[in-house]
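Step one of this worksheet: look at the structure below.
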Amino acid sequence: MHGKKILITGGTGQAARPVAEALAAGNEVWCLGRFGTPGVEDELREAGITTYRWDMGEDTLESLPDDFTHVMHSAVHRGYDGDFDTAIEVNSVAVGRLMTHCRKAESFLHVSTGAFYKRQSLDHRYKETDPLDGVADWLPTYPVAKIAAEGTARAYARTLGLPTTIARLNISYGPASYGGVPVMYFKQMLAGEPIPVPVEGQNWASLIHTDDLVHQVPLLWGIATTPATVVNWGGDEPVGMTDCARYMSELTGVEAKFVASEVTRETYAFDSTKRRELIGDCTVEWHEGIRRTLEVHFPEVLGKGVPA
């Protein structure tokens, strides 16, 4: 993708930042956000990205240009305080404002989540047509707010005639930002803290590496339609998260401790058939991706374990 004017929200995050930095090489890229982490705004600017301060819960977009060709909306108000009403209000209104402001765009990518599927068996591979319920004990407001935001994206895609893709993101991981859930788990391992796991079985996920995120965003823009295209966005192969922690232990020699719990950070494995038919396969196999991620985030630790 070259010569486009691209708008990305949540540009400091695990998923969106590497996309923004990669696209800045051949396009005019703008990132919207609060930029609360010291130095992060300067880092984006050094990468050739134009920054624009936007608190999605309070600010309008009146002074922002409206001639963007492509938009990726990745910012989210998670609602850690448990306030459902505010979480729904902030996320839904932000989507409406952004899509209205950028109604002239060629395509709009709304980053949704798979965390709102109705829980079935732990190893069930969820399809886009599976039922939703928005229940997540580990962060109750998050899936409810994401359902509301997805509904807004669907409505505005139709009313504005704005070609839209709604991509339900699984767990992204890799060298960028904080590294994703696998890095969170490994930090717990380093601290000697047990990882909560289900009483029976293990949580499964469809991990997707930074490289595949970067490659697939232009492809997701390319399949945008009115009404919106809805697609699961995750890796090609389901990964057991307990297996993932054990693999990191094999690589590094750092013990992985587990504690059975009724409440865990639930993850979901996707059926990737629709995504693969629309935009093709992923390129990074998860063992390779985890190794590469640890090499960047923990270079002093990797290599002390038993080679996999």
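The values are calculated or read from the model by the stated rules, or taken from the named source; none is laboratory data. In this text, all values refer to a predicted model and were calculated from it rather than measured experimentally. Quick reminder, even Gly has a Cβ in these numbers, built from the backbone with ideal geometry, and neighbours come from all protein chains shown.
Quick one: count up the residues across segment 25-52 that are among the charged types (D, E, K, R) and in a loop (DSSP other than H, G, I, E, B).
1
Exactly one of these conditions fails for Asp236: (1) in contact with a Cys (Cβ under 9 Å, 6 or more places away or on another chain); (2) in contact (Cβ under 8 Å) with a residue 60 or more places away in the chain; (3) part of a loop (DSSP other than H, G, I, E, B). Give me its number.
The single condition Asp236 does not satisfy is (2).
Among the residues of segment 116-154, what is the count of those that are under 20 Å from Val197 (Cβ atoms), touching a helix residue (DSSP H, G or I) at 6+ places or on another chain (Cβ under 8 Å) and either part of a helix (DSSP H, G or I) or touching a residue at least 60 places away in the same chain (Cβ under 8 Å) (or both)?
So the answer is 1.
Is it fair to say Phe84 is aromatic (Phe, Trp, Tyr), in contact (Cβ under 8 Å) with a residue 40 or more places away in the chain and under 30 Å from Gly26 (Cα atoms)?
When the stated conditions are applied, Phe84 does not pass them.
Do we have any residue at all in segment 117-129 that's in contact with a Ser or Thr (Cβ under 9 Å, 6 or more places away or on another chain) and over 21 Å from Ser206 (Cβ atoms)?
no
Would you confirm whether or not segment 240-255 contains a residue that is assigned to a loop (DSSP other than H, G, I, E, B), in contact (Cβ under 8 Å) with a residue 40 or more places away in the chain and in contact with a strand residue (DSSP E or B) (Cβ under 6 Å, 6 or more places away or on another chain)?
Scanning segment 240-255 turns up no residue that is assigned to a loop (DSSP other than H, G, I, E, B), in contact (Cβ under 8 Å) with a residue 40 or more places away in the chain and in contact with a strand residue (DSSP E or B) (Cβ under 6 Å, 6 or more places away or on another chain).
Kindly indicate whether Asp212 is farther than 15 Å from Phe108 by Cβ, surrounded by fewer than 20 Cβ atoms within 10 Å (Cβ to Cβ) and among the charged types (D, E, K, R).
no
With respect to Thr152, determine if the residue is at pLDDT below 95, of a type in the set (S, T, N, Q) and more than 26 Å from Asp236 (Cα to Cα).
No: the conditions fail for Thr152.
Which of the following residues is among the hydrophobic types (A, V, I, L, M, F, W, C) and in a helix (DSSP H, G or I): Ala167, Ala157?
Residue meeting the stated conditions: Ala157.
So, in segment 128-162, exactly how many residues are among the β-branched types (Val, Ile, Thr), closer than 20 Å to Arg103 by Cα and surrounded by 17 or more Cβ atoms within 10 Å (Cβ to Cβ)?
Total satisfying the criteria: 1.
Check Arg275, Arg246 and return the single one that is basic (Lys, Arg) and crowded, with 16+ Cβ neighbours inside 10 Å. Let's see the steps before the verdict.
Details: Arg246 fails: crowded, with 16+ Cβ neighbours inside 10 Å.
Every option except Arg275 fails the conditions.
Just to be sure I understand the filter: pairs with C-beta atoms under 6 Å, separated by 6 or more residues or on different chains, first member in segment 176-190 and touching a residue at least 12 places away in the same chain (Cβ under 8 Å) and within 18 Å of Thr252 (Cα to Cα), second member among the hydroxyl-bearing types (Ser, Thr, Tyr) and part of a helix (DSSP H, G or I). Which pairs pass?
From segment 176-190, the pairs are Gly179/Thr293.
Please work out if Thr100 is at pLDDT below 95 and farther than 14 Å from Val217 by Cβ.
Considered against the rule, which asks whether it is at pLDDT below 95 and farther than 14 Å from Val217 by Cβ, Thr100 comes out as no.
Identify all residues within segment 255-266 that are closer than 24 Å to Leu302 by Cα and surrounded by fewer than 19 Cβ atoms within 10 Å (Cβ to Cβ); write none if there are none.
Glu255, Lys257, Phe258
Every residue in segment 2-14 that is modelled with pLDDT under 90 and either farther than 20 Å from Glu46 by Cβ or among the hydroxyl-bearing types (Ser, Thr, Tyr) (or both), please.
Thr12
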